[in-house]
Amino acid sequence: MTEQFKPYANEADVIRIGDLEIENRVDRVTLTGNIVLSRDKAGLALAKELQALVEGVVKALEADKALPEAVEVRQAQSVKNPFA
Amino acid sequence: MFRSFFFKKVLPAGPCHAKPSTGCGILRAMPRFPSFALPLPLLACLAASLALPAGAATQCPAHFAAGSAPVVTNPKLQARTQEVCFEAFAVLHSGISRTPLYSAEHLTRANLEAAQDLSRKDSFHPESSLPAQDRAELKDYARSGYDRGHMSPNADFATRSAQAESFSLANMVPQVHANNAGIWAGIEGATRQLALQEGELYVVSGPAFIGSDIKQIGRVLVPTHVWKVLYSPKQQRAGAYVVTNDETREYSSLSVADLEKMVGISLLPGLPQKVRDAGMELPKPVSPHDRKGKGKKGQGGQGGQPAEEEFTLKDFSRSILDAIGRAIKH
């Protein structure tokens, strides 16, 4: 699962590890929800998936030679409410 | 086979676009073509639908309470709208905001119990059945800082195909992340829990665009509020959660009638006015530890606890409603 997830590569991918939902964006990767790493084989499998995901994120960020201090977000425009 | 044949034969090109759907192929055609010979088991449904007050034209009445689709009452909202019917929910999409104006679903206990496992992989995608100039694209949301917030959430759906369809941008609005992952997720969880308890709920969710100026990202309008209407057939009651689209941890509880005034859409046109006026005691948004709302047990011990201190009910007083009413000049 995590091997198909290329952090920051697109705006489309969503994967799940446990109840954690991981969303790919070009300027961020979001992890939402929760995950229980139980002390059993299932817990180990989830932990390894999480590890692979985070390793991929670290690798992608380290490979970015122009990594900014803080990512820049496009400011929302203000428009006249067409429905008012 | 019969369904698709029937559907293609009788439905002319109209304002509504239908996706291939499993549940309501024949039902779609019924309100418009009552004189067609229909298989016997459907005659009862036909009679029922004819007896009900008229909603907007829809090709997927099964997703709506009493089979009646919401009716847009603010004419400015009506421009460039198109219904999109999915397997397990329906949206009315606006080519002006490039968001849904509502997304409607019928939650049942059986479906929620079948929805225990979510797909491991999904994909946000533009809605290819909408005209290119009217639909949101992934790039509209890119680098905006906003989440693509589901109106009908993927965790509600029993099948992989219905879950996958819920990632259509026709079902999304730009939503502040803390809101989407916080109180909104809590409202979604509480909604599922109530549907599990009661057996079924009709749910309509959507954005509100209130005020003289609105934010826009790419070509997509950012709602000022998001709301969720719950109709409980068991209680014969309906009510609505309303939250501002920001980092709020407060929500308001409105009657359907008040929300209808606020958003300019008659949301439950098939229900008696007294149900729309009366409001409903809404369950508290669930805590993030149990936001799937499936009443999980044995995972950390915090599952299922109402987050009484986390999310609080705000008194949405008459005066605030009146101010909104004046602002939107009804």
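Nothing in this text is a laboratory measurement; each read-out follows from the coordinates by a stated rule. Note that the structure is a prediction, hence the values are computed from the model and not measured. Positions of Cβ are backbone-derived with ideal geometry, glycine not excepted, and every protein chain shown enters the neighbour counts.
Taking the conditions exactly as written (in a loop (DSSP other than H, G, I, E, B), surrounded by fewer than 21 Cβ atoms within 10 Å (Cβ to Cβ) and touching a His at 6+ places or on another chain (Cβ under 7 Å)), does residue B:119 satisfy them or not?
Values: in a loop (DSSP other than H, G, I, E, B): yes; surrounded by fewer than 21 Cβ atoms within 10 Å (Cβ to Cβ): yes; touching a His at 6+ places or on another chain (Cβ under 7 Å): no.
Taking the combined requirement at face value, the residue does not satisfy it.
Only residues that are out of contact with any Gly (no Cβ under 8 Å at 6 or more places or on another chain) and buried (at least 24 other Cβ atoms within 10 Å of the Cβ): list them for the stretch B:95-106, please.
Of all residues in the stretch B:95-106, those out of contact with any Gly (no Cβ under 8 Å at 6 or more places or on another chain) come to B:95-99, B:104-106.
Within the stretch B:95-106, B:97, B:98, B:99, B:104, B:105 qualify.
Counting only residues that are buried (at least 24 other Cβ atoms within 10 Å of the Cβ) and among the β-branched types (Val, Ile, Thr), which one in the stretch B:140-193 is farthest from the chain's Cα centre (by Cα)?
B:183
Name the residues in the stretch B:59-86 that are part of a loop (DSSP other than H, G, I, E, B), in contact with a helix residue (DSSP H, G or I) (Cβ under 8 Å, 6 or more places away or on another chain) and over 22 Å from residue B:259 (Cα atoms), would you?
B:59, B:60, B:86
Give just the number: which of (1) closer than 21 Å to residue B:218 by Cα; (2) more than 11 Å from chain A (Cβ to nearest Cβ); (3) in contact with a helix residue (DSSP H, G or I) (Cβ under 9 Å, 6 or more places away or on another chain) does residue B:109 not satisfy?
Of the numbered conditions (1) closer than 21 Å to residue B:218 by Cα; (2) more than 11 Å from chain A (Cβ to nearest Cβ); (3) in contact with a helix residue (DSSP H, G or I) (Cβ under 9 Å, 6 or more places away or on another chain), the odd one out for residue B:109 is (1).
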